[in-house]
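Trainee: Below is one structure. I have some questions about it.
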Amino acid sequence: MKAKELRDLSRAELREKEDELRREIFDLRFKHGTRQLDDTAAVKRTRKDLARVLTIAKQKDLAEG
């Protein structure tokens with residue numbers, strides 16, 4: 001997911017994306033713990049995507065005032 005794409009989303013859409021990514025991280029970590037996860041790099045990618053969403057949400061908050 002690109003930061004440019006995230007900047008086009010509204011504040012509500014960013015919140016939805018954040019919730020979705022948090023659920024995905026939970027599922028991936030659970031699968032990793034039970035040895036059912038094939039792509040272990042997916043956890044790292046998802047965490048970075050979540051960080052991007054949170055960063056852009058913070059930037060929008062600061063820009064609004």
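Quick note: the coordinates plus some simple rules give every number you see, no bench work behind them. Being a predicted model, the structure only gives us computed values, none of them experimental. Positions of Cβ are backbone-derived with ideal geometry, glycine not excepted, and every protein chain shown enters the neighbour counts.
Trainee: As an exercise, find the ratio Rg/Rh for the chain from alpha-carbon atoms, using the Kirkwood inverse-distance average for Rh.
Mentor: When Rh is taken as the Kirkwood radius, the ratio is 1.07.
Trainee: Another question, if that's okay. Label points 7 Å out from Cα along the Cβ direction at residue 59 and residue 4: separation in nm?
Mentor: Distance between the two pseudo-spin positions: 1.3 nm.
Trainee: Connecting C-alpha atoms closer than 10 Å in a GNM of the chain, tell me which of 42, 51, 12 has the biggest fluctuation.
Mentor: Maximum among the listed residues: 12.
Trainee: Apply 1/(1 + (r/R0)^6) to the Cβ-Cβ distance of residue 40 and residue 20, taking R0 = 22 Å, and write down the FRET efficiency to the nearest 0.05.
Mentor: Computed FRET efficiency for residue 40 and residue 20 comes out at 0.60.
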